[in-house]
Ligand SMILES: Nc1ncnc2c1ncn2[C@@H]1O[C@H](COP(=O)(O)OP(=O)(O)O)[C@@H](O)[C@H]1O
Ligand SMILES: [Mg+2]
């Protein structure tokens, strides 16, 4: 399997993706932003379609769309009550735009499915480099911001009253989420992106109780899902996102079961 | 000899169509245990936010000695609902308030966390997820987080409101101990007048448009009640 160049690329890119999604996910869950990862995947789909329509790469289009909109959504989401409805409206608009750009760009429908559902075969060496560079940037920013981000994510009230620059942290974090969405879409596809960004982290918090351990375990769950998913997809010739989604769901259900046992006993 | 810590002079705070304070005056000296009492909505939390610099005074000023930068403030806010599934251990929660840029805690910072947990009596439960802790344990963990940076001024906003009688006194014993042994100045907001009388050295009684400030020794619980009645 590893003698095939595209499988090597897929494993390399998948490893980077699992690491950043596992890490970012811990903060996504802590900040209650799961809904945002859904919206960003839809926006990412439109961005990818736009990128292709313009003759750029799908990744470039995704990055532009998700980063810009995450900042806008971040400004809006201050008013919790208004958030839900406006998010739905934005999702609808962007899915529509994605479909429009795709049809305008004369791409075959297989291209659409690969954006939406991900694809292993499509990953070239240059893609791996792009994924690696973007992941590196995300990780570096995370490391530099680690303590304030941790404080703001796990104790927003405490962080705000202690004079932390919480608005700045929120905006930077949303940009990091947008970058992770764009990067992860390369393999799992934009429709299922929220799986890697939410489920491993949501499962991890039931097993361990410090931020660093949660990040470690969440990365572990994401890595197992991606590695095993790629392998099973290779063997069975079924879509990789199906396997990743199923594996991560299993982890999450196991976590809920574990929590039940512990609280019940 | 006592040294001044802060002075509030002719402070006025106004929200759009709501004047909360007009000409508020009092001062706090190092080592004081000040209790702030008054009805709901009189402006106690707003006063704290002004002390922290989160609300701009519309008139007057708040002076810190020697200056605001030199005074570290620990603050336990009034509302902070962490639900049952809140995942972090008490120890990790306390460590959140350690500032700096390193992703991990240094040895000295780790010791600071241990000390804060020891003096607030949460060391025994430091591995427990905070969501699973009792109301009293949660308040002690908040207190530990507030003092982990070794502040000169500790502000507690109705920290005892949700606690039963026994836990109230337990918490305030810890605060008094910090006040007396570490010389941390305390600013304690409460509705509980007997509690205020027992622990505080000074009082600030707020009423709409009025204030009364002085030594606790001069006041009985009845007089305190009188001073806050609208
Ligand atoms: N950000 C704000 N904007 C407008 N009014 C406010 C704001 N914060 C507090 N208030 C008003 O100021 C008054 C004092 O509130 P607060 O300081 O919370 O009272 P307390 O803590 O004594 O119960 C209340 O009438 C409240 O409605
Ligand atoms: Mg209040």
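Results, tabulated for the structure shown:
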read-out	value
Residue match in region A:78-91 (condition: part of a loop (DSSP other than H, G, I, E, B) and in contact with a helix residue (DSSP H, G or I) (Cβ under 8 Å, 6 or more places away or on another chain))	no
Candidate set from region B:73-104 (those that are more than 8 Å from chain A (Cβ to nearest Cβ) and within 16 Å of ligand 2 (Cβ to nearest atom)); member that is modelled with the lowest pLDDT	B:81
Of all residues in region B:1-57 being outside any strand (DSSP E or B) and away from ligand 1 (no atom under 16 Å from the Cβ), the one that is farthest from residue B:73 (Cα to Cα)	B:1
Entirely in region A:114-219, the helices (runs of 4 or more DSSP H) that have 1 or more residues that are within 14 Å of chain B (Cβ to nearest Cβ) and touching a strand residue (DSSP E or B) at 6+ places or on another chain (Cβ under 6 Å)	A:156-161
Residue tally, condition in contact (Cβ under 8 Å) with a residue 60 or more places away in the chain and at positive phi, over region B:1-25	0
Cβ pairs under 9 Å, 6+ apart, first in region B:40-58 and within 14 Å of chain A (Cβ to nearest Cβ), second assigned to a loop (DSSP other than H, G, I, E, B) and near ligand 2 (Cβ under 8 Å from one of its atoms)	B:45/B:78; B:45/B:158; B:48/B:78
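The values are calculated or read from the model by the stated rules, or taken from the named source; none is laboratory data. On a predicted model such as this, the values are computed, not experimentally measured, just so you know. All Cβ positions, glycine included, derive from the backbone under ideal geometry; neighbour counts span all protein chains shown.
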